[in-house]
Amino acid sequence: MATVSPPWSYTLQLPHDPRSPGIARATLRAVLAARGLTELVPTAELLASELLTNAHLHAPGPYALRVLSAEPDRLRVAVWDADPAVPSGFREGPSAGPPAHDDEHGRGLHLVRACADAWGVSVLRELGASRGGKLLWAECRHAGGRGAETAPGGSGAGRGSVGPCRARVAGRGRRSQVILGLVRGLSHPLGAR
């Protein structure tokens with residue numbers, strides 16, 4: 001008999017402190033391990049890391065990480081901050097291209113858009129919103145919800161499995177080169193992962 005997992009969510013309030021993104025990533029890993037979703041850790045951690053670092057670097061004051069699974073095959077990672085300005089990497093329409101190869105910043109939200117199964121932003125300005133600001137979010141799917149993506153010659157589980165970002169990168173020519181260039185050039189000034 002199949003069982004349906006009820007929706008769940010966790011929210012971690014974070015002070016504007018350089019240690020906060022690392023603490024949030026550790027919390028995310030613990031949540032996913034407790035929920036039996038370890039296959040999502042690499043992609044979810046990348047998404048969270050980029051969103052958290054963006055909030056820390058560009059928004060004043062505290063921010064928050066929210067991890068939720070409202071549907072059986074999807075995980076949403078969201079970061080709230082008090083600044084209602086939507087970053088260019090998350091605005092509607094085509095975004096600016098990736099930064100120049102020697103730029104030290106500007107790759108994070110491009111990585112989020114490339115690696116997430118879905119992404120978006122909610123600006124919280126409407127009447128009744130308790131704190132205002134914005135919520136940037138990205139989703140990744142559980143392998144069971146869409147079939148495991150595998151590396152060339154891989155099997156659907158174990159060593160051959162790759163996260164959604166790596167599977168997408170593996171099959172897209174020029175776009176994969178751009179994404180891999182972004183990954184190689186990525187710097188995280190807020191601590192090791």
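We did not get these values from a lab; they are worked out from the coordinates using the rules stated. Here the structure is a predicted model, which means the values were calculated and not measured.
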**Request:** List the residues whose amide H sits under 5 Å from the amide H of D83, counting only those 5 or more places along or on another chain, with H placed 1.01 Å from N in the peptide plane.
**Result:** K134
**Item:** Residue-span extension gain [V86 to A33] - 0.36 nm each, minus C-alpha spacing
**Value:** 15.9 nm
